[in-house]
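Okay, so here's the structure we're looking at.
The values are calculated or read from the model by the stated rules, or taken from the named source; none is laboratory data. In this text the structure is predicted, and so the values were computed from the model without any measurement. Note that we place each Cβ from the backbone using ideal geometry, even for glycine, and neighbour counts take in every protein chain shown. SASA here: full protein model, heavy atoms, side chains in, ligands and nucleic acids out. Shrake-Rupley method; radii C 1.70, N 1.55, O 1.52, S 1.80 Å.
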Amino acid sequence: LAASGRPGVVLATKAGASGELLAKMLDAYAAEPGAVAVDLLLCGVGEQERMLRDGRADVALLHLPFDSTAGFDTEELLTEDQVLVVPAGHPLAVRAQVWTAEVAELADLPLARWRRRDGTYPQGPGPEVRDQAQLYQLVALGRACCVVPESVRSQLREDLAAVPVVDAPPVTTVIAWPPHSRSQAVAGLVRAATLL
């Protein structure tokens, strides 16, 4: 639908995020009568919100509290805790849990810095990152750490370890679409997602 004008629906999602949920959602939708092709736009951090706002996408997976859902209709799909990702050999890798204050004090392994919506990076000692592959390479090399949703754990390389951050805010994945959408394809995809 989005820019192409052909039958189908364009779904924007952050590359590397919600992988298992996305696969289940696409399979469930494909099994529905009348399902149309779903084109995926795999984006960088925060891009899926812009793509939905400017019409390049018909529907998007957004992550609260990081993305804004203002002006969109949404349905919550999954809420999960967050984990600290460190090199497998780091002393924290064997811990059962950590606190955000401990993460902030890791002088030898600063938090990676993601680009904000306005394109700038927050101040801090950690490296600036643009995508998941770059992030995990920096973590594996002992140059950074990161705090990410629990579901990312299943995608981690062997040289990385994930430790629960007990006081980190939960992350909620939502499916979002413009309130003016009358697309049956979008409605079907949303319905399939909420029935998982």
Q | Of the criteria (1) at negative phi; (2) touching a residue at least 12 places away in the same chain (Cβ under 8 Å), which one Glu102 fails | A | (2)
Q) Which condition number does Ser68 fail, the rest of (1) part of a loop (DSSP other than H, G, I, E, B); (2) surrounded by 19 or more Cβ atoms within 10 Å (Cβ to Cβ); (3) not aliphatic (A, V, I, L, M) being met? A) (2)
Q: Read through the list (1) open to solvent by 20 Å² or more (accessible area, probe 1.4 Å); (2) in a loop (DSSP other than H, G, I, E, B); (3) touching a residue at least 40 places away in the same chain (Cβ under 8 Å), then give the number of the only condition that Glu76 fails.
A: (2)
Q) Just for region 27-44: of the residues that are open to solvent by less than 50 Å² (accessible area, probe 1.4 Å) and within 16 Å of the chain's Cα centre (by Cα), which one is modelled with the highest pLDDT? A) Cys43
**Q.** Cβ pairs under 6 Å, 6+ apart, first in region 26-38 and part of a loop (DSSP other than H, G, I, E, B), second hydroxyl-bearing (Ser, Thr, Tyr)
**A.** Ala35/Tyr29
(Q) Considering only residues that are open to solvent by 50 Å² or more (accessible area, probe 1.4 Å), in a loop (DSSP other than H, G, I, E, B) and within 21 Å of Ala187 (Cα to Cα), which ones fall in region 45-65? (A) Asp54, Arg56
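Run down Ala57, Ala93 and say which single residue is of a type in the set (A, V, I, L, M), under 19 Å from Val152 (Cα atoms) and touching a residue at least 40 places away in the same chain (Cβ under 8 Å). Don't jump to the end; show me each part of the working.
On the way: Ala57 fails: under 19 Å from Val152 (Cα atoms).
It is Ala93.
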